[in-house]
Protein chains: 2
Amino acid sequence: MTQQRIYNFNAGPAALPLQVLQEIQTSFLNFDNSGMSITEVSHRSSYFDNVINDAVERAKRLLNLDDKFHVLFIQGGASLQFAMIPMNFLSNDDTADYVNTGTWSTKAINEAKILNKNHNVVASSEDRDFSYIPKDIQFSDNAKFVHLTSNNTIKGTQFHDFPDTKEVPIICDMSSDIFSRPLDMEKFGMIYAGAQKNLGPSGTCMVIIRQDMLDMANENLPSMLKYSTYSSKNSMYNTPPCFGIYTIDLVLKWIEEEMGGLEKVEAYNKQKAGLLYDYMNSGSFYRATAQKDSQSLMNVTFRLPSEDLEKLFVAKAMENGFGGLKGHRSVGGCRASIYNAATMESINALIKFMESFAKENK
Amino acid sequence: MTQQRIYNFNAGPAALPLQVLQEIQTSFLNFDNSGMSITEVSHRSSYFDNVINDAVERAKRLLNLDDKFHVLFIQGGASLQFAMIPMNFLSNDDTADYVNTGTWSTKAINEAKILNKNHNVVASSEDRDFSYIPKDIQFSDNAKFVHLTSNNTIKGTQFHDFPDTKEVPIICDMSSDIFSRPLDMEKFGMIYAGAQKNLGPSGTCMVIIRQDMLDMANENLPSMLKYSTYSSKNSMYNTPPCFGIYTIDLVLKWIEEEMGGLEKVEAYNKQKAGLLYDYMNSGSFYRATAQKDSQSLMNVTFRLPSEDLEKLFVAKAMENGFGGLKGHRSVGGCRASIYNAATMESINALIKFMESFAKENK
């Protein structure tokens, strides 16, 4: 079966480590000798307690988190977080700073608007079609938080360093680059990530939140929309997305035990993306769309000499076993999403294919 | 592997049909010849379109739904619905009727309270510890909806018939008995169900909503908290819980093609529950806790002569390969949850075990 698998460059849901998938498959009818599938095990059982506690501990170890940080699992994707953040952290007179680096930041800002919460867009790269990450941002003095999107999957840009926001905590949507590199978590009051890119299947959002953020959050909210419900019940106020959390645990185990931690993951990701960008820079057929100093290590966006050639490229790639290379429907072009699970083998094979395609279609 | 599986009487997450699990396992590394796992396939691909459209069509066929009904998949479980319902359907001067038949109804009512929405608890079975389903309920004339919980997993009670609410639409939490019997959907403005009992893994809530309910819903809400976001985008405004929807599709296919539809499922469920209740009624060792006319076909709750015997029963059952027989932690006692996927074989084996346990411990 495995030899029929394609090279998967999907933006999300995206490729997962093969050995994680194999472990899920092998134990799917009998998880941990329970005599049940992981999908059939009670979330109130020791079987599942072991899973969720292991996932939390691995996340904390990988990011060097002390006990002032809580690792939560919430449903609804990053999109629900766009609403929960202003609901939880902005009361009547409060305000927040948002940096707009593309579609996902725009959506986050829009939910603050819908909720009628004060907010400032303190920087935006819309002037050049979101092809870069703004620098030298002037933040407000009185903001409750600064909201960033660490990586823009659609335009292929990424914060390589995070700005100094002084005493104001950063809340960061890391859906597409969480656990792809080490983080200095002291800067962050909260980070969150829909799982379906670097962590597991869609349907689970990991939220890592600092105790002082919980302390200042609005408590007068529906139970499922306040962070304290999740932090006080180890994400099990109601039935959590068990299969998602289980897969995330296996992916974190793979990062720790197979990849050797986040420093090594980052080095590997730099190497993989570097090969692709260097290859494109070596000629003129493929053109990376993001500004050089803002290029993403996760989503390599590029154009070919014409839209017809882009269509042909995507189709021929698919014929040759390379999936997911079409750019986001809102921007066109091409994109190779190369999250943690993308292998060096797949990058080398893709470059080889790109070389032969360029030669044939010059 | 399959011979090591236990008889699983978990209340939820609960047993799934073995052939569904086997199909997931077999195709887990290569879904539908995509060369990807179902967890790796883009939700914007034709692969996933086929899955979600098939699930929607099967749900509509099974329940005889015409096009005024929309089948949606939302994250956050029934617990998020408890909040979304008053948020979407109750404006300032509106009010709703709630019937309180136990823990889950109480939670639904509580979210209306948190949101400061007008509501009446028009009937409750709290006076006798939620052991029955109220009858002859007087509903308000001016309610926007009547909220019911069709089956109480904790106390083992179930609406066998739904009340006549005249022109007022019923909104019903069917988390534990959806697709366990045919329904006259004309009574319902909306039904909803967390998947983890009769439908699939935890993390996906199926919502079936009538067009006129969508028409009257509040639009000034965060995107992820209004039903129109889901109905206008075929539940794919953001990345949906793909693995959950895929499993639900396979379960619905099993109901249609293997079980033969909801009439047959209902007959089978009556037969299974009947065997258990009849066996308990034939002696005095096991005592069903729900009032006879309100007994659930899904959750058979019972007591033994003493708490010590109950503990021993649960432990010995586990040793003999019967899992999940402990009652809910809030009420104690014992419970056999026998959703659609519970087999006649498992019921017969359980009764045989109960007989021998009773004999040994009289």
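Against the definition (closer than 28 Å to B:N50 by Cα, away from chain A (no Cβ under 14 Å) and in contact (Cβ under 8 Å) with a residue 60 or more places away in the chain), how does B:M216 come out, yes or no?
no
Results for (1) under 28 Å from B:N299 (Cβ atoms); (2) within 14 Å of chain A (Cβ to nearest Cβ); (3) aromatic (F, W, Y), shown as yes or no for each residue.
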site: B:Q211; (1), (2), (3): no, no, no
site: B:N220; (1), (2), (3): no, yes, no
site: B:S223; (1), (2), (3): no, yes, no
site: B:S231; (1), (2), (3): no, no, no
site: B:G261; (1), (2), (3): yes, no, no
site: B:N269; (1), (2), (3): yes, no, no
site: B:K272; (1), (2), (3): yes, no, no
site: B:L275; (1), (2), (3): yes, no, no
site: B:N281; (1), (2), (3): yes, no, no
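Go through the stretch B:333-362 and count every residue that is surrounded by 15 or more Cβ atoms within 10 Å (Cβ to Cβ) and either small (G, A, S) or under 18 Å from B:Q196 (Cα atoms) (or both).
Residues in the stretch B:333-362 being surrounded by 15 or more Cβ atoms within 10 Å (Cβ to Cβ) and either small (G, A, S) or under 18 Å from B:Q196 (Cα atoms) (or both): 13 in total.
Looking only at residues in the stretch A:104-151 that are under 18 Å from A:H328 (Cβ atoms) and of a type in the set (D, E), which one is surrounded by the fewest Cβ atoms within 10 Å (Cβ to Cβ)?
A:D129
I'm told A:I52 meets every condition in (1) surrounded by 21 or more Cβ atoms within 10 Å (Cβ to Cβ); (2) assigned to a loop (DSSP other than H, G, I, E, B) except one. Can you identify the failing condition by its number?
For A:I52, the exception is condition (2).
Kindly list the number of the only condition in (1) over 30 Å from B:L72 (Cα atoms); (2) more than 8 Å from chain B (Cβ to nearest Cβ) that fails for A:I74.
With respect to (1) over 30 Å from B:L72 (Cα atoms); (2) more than 8 Å from chain B (Cβ to nearest Cβ), A:I74 is out only on (1).
Filter the stretch B:302-317 down to residues that are assigned to a helix (DSSP H, G or I) and surrounded by 15 or more Cβ atoms within 10 Å (Cβ to Cβ) and give me whichever is farthest from the other protein chains (Cβ to nearest Cβ).
Among them, the one singled out is B:L309.
Return yes when B:I191 is surrounded by 24 or more Cβ atoms within 10 Å (Cβ to Cβ), assigned to a helix (DSSP H, G or I) and not assigned by TED's automatic domain parsing to the domain that holds B:T343 and no when it is not.
Spelling it out, it is not the case that B:I191 is surrounded by 24 or more Cβ atoms within 10 Å (Cβ to Cβ), assigned to a helix (DSSP H, G or I) and not assigned by TED's automatic domain parsing to the domain that holds B:T343.
Within the stretch B:1-41, which residues are of a type in the set (A, V, I, L, M, F, W, C), facing chain A (nearest Cβ under 7 Å) and not in a loop (DSSP other than H, G, I, E, B)?
B:L21, B:I24
Tell me the residue from A:D129, A:D97, A:D173, A:D161 that is closer than 24 Å to A:A336 by Cα and in contact (Cβ under 8 Å) with a residue 60 or more places away in the chain, please.
On inspection, the qualifying residue turns out to be A:D173.
Would you call B:R58 touching a residue at least 12 places away in the same chain (Cβ under 8 Å), at the interface with chain A (Cβ under 7 Å from one of its Cβ atoms), crowded, with 18+ Cβ neighbours inside 10 Å and basic (K, R)?
no
So for the stretch A:8-23 (the condition being farther than 21 Å from A:Q196 by Cα and in contact with a helix residue (DSSP H, G or I) (Cβ under 9 Å, 6 or more places away or on another chain)), does at least one residue qualify?
no
Hey, can you tell me all the residues within the stretch A:89-113 that are over 17 Å from the mean Cα position of the chain (by Cα) and within 12 Å of chain B (Cβ to nearest Cβ)?
Of everything in the stretch A:89-113, those that are over 17 Å from the mean Cα position of the chain (by Cα) and within 12 Å of chain B (Cβ to nearest Cβ) turn out to be A:N110, A:E111, A:A112, A:K113.
Kindly list the number of the only condition in (1) of a type outside the set (V, I, T); (2) assigned to a strand (DSSP E or B); (3) farther than 30 Å from A:W104 by Cα that fails for A:H70.
All conditions pass for A:H70, except number (3).
Give me a count of the residues in the stretch B:176-195 that are touching a residue at least 60 places away in the same chain (Cβ under 8 Å) and under 18 Å from B:R58 (Cα atoms).
Total satisfying the criteria: 11.
Considering only the stretch B:11-38, how many residues are free of Cβ contacts under 8 Å to residues at least 40 places away in the same chain and small (G, A, S)?
Here the count works out to 4.
If you go through the stretch B:74-85 one residue at a time, do you hit one that is among the polar types (S, T, N, Q), at pLDDT 95 or above and surrounded by fewer than 16 Cβ atoms within 10 Å (Cβ to Cβ)?
no
Report every pair of residues separated by at least 6 positions or lying on different chains whose Cβ atoms are under 6 Å apart, first residue within the stretch A:329-350 and outside the structural domain of A:S296 (by TED's automatic domain parsing), second in a loop (DSSP other than H, G, I, E, B) and surrounded by fewer than 23 Cβ atoms within 10 Å (Cβ to Cβ).
Between residues of the stretch A:329-350 that are outside the structural domain of A:S296 (by TED's automatic domain parsing) and residues that are in a loop (DSSP other than H, G, I, E, B) and surrounded by fewer than 23 Cβ atoms within 10 Å (Cβ to Cβ), there is no close pair.
Of everything in the stretch A:235-254 that's out of contact with any Pro (no Cβ under 9 Å at 6 or more places or on another chain) and touching a residue at least 60 places away in the same chain (Cβ under 8 Å), which residue is farthest from B:A112 (Cα to Cα)?
Within the stretch A:235-254, the match that is farthest from B:A112 (Cα to Cα) is A:K253.
Please specify each residue of the stretch B:185-216 satisfying the condition of being in contact with a Cys (Cβ under 7 Å, 6 or more places away or on another chain) and more than 22 Å from B:F9 (Cβ to Cβ).
B:F188, B:I191, B:Y192
Give the residues of the stretch B:155-169 that are at pLDDT 95 or above and surrounded by fewer than 24 Cβ atoms within 10 Å (Cβ to Cβ), sorted by residue number.
B:F159, B:H160, B:D161, B:F162, B:P163, B:D164, B:T165, B:V168, B:P169 - these are the residues of the stretch B:155-169 that are at pLDDT 95 or above and surrounded by fewer than 24 Cβ atoms within 10 Å (Cβ to Cβ).
Restricting to the stretch B:135-165, count the residues that are in a loop (DSSP other than H, G, I, E, B) and closer than 27 Å to B:L325 by Cα.
Counting residues in the stretch B:135-165 that are in a loop (DSSP other than H, G, I, E, B) and closer than 27 Å to B:L325 by Cα gives 7.
Which members of the stretch A:322-332 meet the condition of being buried (at least 16 other Cβ atoms within 10 Å of the Cβ) and either in a loop (DSSP other than H, G, I, E, B) or within 21 Å of the chain's Cα centre (by Cα) (or both)?
Across the stretch A:322-332, the qualifying residues are A:G323, A:G324, A:L325, A:K326, A:G327, A:H328, A:V331.
The values are calculated or read from the model by the stated rules, or taken from the named source; none is laboratory data. Bear in mind that the values here come from a model prediction, so they are computed numbers and not experimental data. Don't worry about glycine lacking a Cβ; one is built from the backbone with ideal geometry, like all the others, and counts go over all protein chains shown.
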